[in-house]
1. Please work out how much length the chain gains when fully extended from PHE236 to GLU394, using 0.36 nm per residue of separation minus the C-alpha to C-alpha distance, in nm with one decimal.
2. Report the net charge of residues surrounding ASP124, where surrounding means a beta-carbon distance below 10 angstrom and charges are Lys +1, Arg +1, Asp -1, Glu -1.
3. Which loop-located GluC sites (Glu not before Pro) does region 365-402 contain, where loop means any DSSP state but H, G, I, E or B and the Cβ has at most 12 other Cβ atoms within 10 Å?
4. Find the all-direction average of the projected area of the Cα convex hull for the chain, expressing the result in square nanometres with one decimal place.
5. With a sphere of radius 13 Å drawn around the Cβ of LEU375, what net charge do the other residues whose Cβ falls strictly inside it have (Lys, Arg +1; Asp, Glu -1)?
6. Treating the beta-carbon of each Lys and Arg as +1 and of each Asp and Glu as -1, no other charges, what is the dipole magnitude of region 71-144 about its Cα centre, to the nearest 20 debye?
7. Calculate, in nm to one decimal, what HIS259 and GLU61 gain on full extension: separation in residues at 0.36 nm each, minus their alpha carbon distance.
8. Over its Cα atoms, what ratio of radius of gyration to 2.2 N^0.38 Å does region 46-125 give?
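Each reported figure results from applying straightforward, stated rules to the coordinates on display, with no laboratory input. As the structure is a computational prediction, the values presented were derived from the model and not from experiment. Ideal geometry is used to build each Cβ from the backbone, glycine not excepted, and the neighbour counts take in all protein chains shown.
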Amino acid sequence: MPTRRQSLTALLAAPLAPGLARGQDLGADLLSRSAFSMSGVYLNAAYTHPLPRAGAAALREVEAGRLDPGSRPRPARQSKALFAQLINADPDEIAWIPSTSYGESAIISAMGLTDAPSGRVVTDILHFDGGLYAYGELAKRGLDLVVLPMTAEGRIDMNRLEAAVANGAKLVAVSLVSMLNGFEHDLKTVCEIAHRKGALVYADLVQAAGAVPIDVKASGVDFAACSSFKWLMGDFGCGFLYVRRDRLEGLRHTQFGYHQMANAAYHAFPLDAPGPAMFEYAPETGTAKGRFEVGSISWAAEAAVSVSLKAMIAVGVDQIQARRQPMIDRLAAALGARYRPLTPPGSRSGIQAFSLANARSLQPRLQAARINIQLYANRFRVSPSVYNTPEEIEALIAALAA
């Protein structure tokens, strides 16, 4: 099978479909297979979501500008405001970051958890493995770490969470939707439990943003982060960090970079205005950007995700979820009768996962049917999106029954 890089190269070279000309909004076409360009049956959006063709056009436009930088004006950078609208945040509560892990690491550092770690962090086994690694390493230095187990139904028990937080936790870190089995936390309940005990909450949104409706204000979450290359239908190198405005002043300023300056002036060279120092600057205050943005991200990825964010806002994430849900329900019923489900019953996320010894042995039959899902040593994950069809779900069920 072609690599993601090879597929992207081919996509960038391909002509655009009618109605998706350069610069045109994607809009309701987001729910159409024609908005995408894929071969075979791709049921692996949780691994990396295909770029819409219009997003690829925006990416190509930026890359063309890199080939000849003086030939065209810099495109407008809109994704922060669009992402804020998608999750019901204020734009100045959003910072650009290069990845989800960067965002979580920045919050860990800003909370002082890396300096002689003390206090408690509560997370769960369904959280992103990069987060589990980070807290595990800090536990070796003295952090009191509690990792909650998964229940038999594939959930995290809120009673166990409340008991763990009661012992003086500083932070509760969760994945809003788990990459492992698609379990979706009730984020409002998590925040209510944590805040009653004086703990703050970080949520990894990478398997949630664009896949399920999110309202950060209604949930009360303190911090959240995600990359754009999964359900936001962007690309690697552009992501978003949400920091609740009233939490900023309680955080340490641990990373510094030129994006954090509101203005700057030199007083060192011929014709410079005189000043008290050779270089003067004023930091931006009161915003996530002024505290957490360090330097450049991938502006090509930023342009691509701006296209898909506009479309998601126009269509509504609830409609994206509704478009996908019959396929999720069918997978749960048909595959759940044959394999042990790992996803909780009634899930409305984009992921269905199942336990199977030596699951990678499925690869030959899937490859023969030109079907792409995520295979692990002893489990597999299926994640359909807006471009999939009921017929493709049936093709997967038939291939796994062979």
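1. Going from the current span to full extension adds 53.8 nm.
2. +1
3. none
4. Numbers: hull surface 89.0 nm².
Approximately 22.3 nm², given one-decimal rounding.
5. Working: positive: ARG360, ARG365, ARG379, ARG381; negative: none.
Local net charge: +4.
6. Values: 7 positive and 9 negative charges, 88 e Å.
Roughly 420 debye, rounded to the nearest 20.
7. 68.9 nm
8. Working: Rg = 18.2 Å, N = 80, 2.2 N^0.38 = 11.6 Å.
Taking the Cα Rg and dividing by 2.2 N^0.38 Å, one obtains 1.57.
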